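Take a look at the structure set out below.
Taken together, the values in this text are just the output of simple stated rules run on the coordinates, not laboratory data. Worth saying up front: this structure is predicted, and the values here are computed from it rather than measured. With ideal geometry, Cβ positions are generated from the backbone for all residues, glycine too; neighbour counts draw on all protein chains shown.
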Amino acid sequence: MQIEALAAAAREARRRAYCPYSRYAVGAALLSADGEIFTGCNIENATQGPGICAERTALYKAVSEGVREFAAIAVAGGPADGPEDPGCAPCGVCRQALAEFCRPDLVVILAGPEGCRVYTLGEIFPFAFRLEK
Ligand code: THU
C-alpha cells in the first residue's frame, strides 16, 4: 500500500476543487483492487443541492468506468487558500456511499500537514447499513 503516493494524488486533486461557496477544497484518491487510482474533488453549485464531495466524485468516476473493487481512499481537504485540515474526513453521506462498494477493511487515509493518519472504513463507519444482494 503506497500511502504517501495516494495522499499525493488526493492533494493534487484538491487543487482542482470547485468550491467558490464554502472556500473549502477537498481532493480524494481512490485505489482500486487492480492498482488503478481514481481521483475526485468537491464540485459545488449555486443552488447547493447538486454539489458533490471529493470522495463521491472519485467513487462514481470509478464505478461508472466499471470498477467496483477497492483497496484504499486518501482524502486531503482544508480551506481553499490554506493548509490541509488534519480533521478533514469523509462526511456521513460519503461513508454510506463507500460502504455500498467497499468492505470494512478499506484503508482510509486522512492527509494532513503533519502527515497521514490511517484508519479503515469499518473504524470510521461501524454498523453500516447494507441490503443483502
Ligand atoms: N467536502 C468534501 O468534499 N469531502 C469531505 O470529506 C468533507 C466536505 C466538501 C463539501 C463542500 O463542498 C465543502 O467540502 C464544505 O463542506
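Values for this structure:
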| quantity | calculated |
| --- | --- |
| Crossing angle, helix 3-14 versus the chain [Cα axis fit, 0-90 degrees, rounded to tens] | 50 |
| Karplus (6.51, -1.76, 1.60) ³J(HN,Hα), θ = phi - 60°, over region 29-45, in Hz, Gly and Pro reported as x | 9, 10, 9, 7, 4, 8, x, 8, 10, 10, 9, x, 9, 6, 10, 8, 8 |
| DSSP-defined antiparallel bridges as percent of all bridges, the chain, nearest 5 | 80 |
| Estimated dipole of the chain in Debye, rounded to 20 [Cβ of Lys and Arg +1, of Asp and Glu -1, Cα centre] | 260 |
| Prolate/oblate/rounded label for region 13-87 (Cα gyration tensor, a/c 1.5) | oblate |
| Farthest positive-ward along the chain dipole, Cα basis, beta-carbon charges - from Thr57, Ala46, Leu98 | Ala46 |
| The chain: calculated mean residue ellipticity at 222 nm from DSSP helix runs of at least 4, using -39500 (n - 2.57) | -8000 deg cm²/dmol |
| Exposure proxy ranking, count of Cβ atoms within 10 Å, fewest first, for Phe70, Phe127, Phe101 | Phe127, Phe101, Phe70 |
| Translational diffusion of the chain, µm² s⁻¹ [Kirkwood Rh, Cα pairs; Stokes-Einstein; 4 °C; 1.567 mPa s] | 89 |
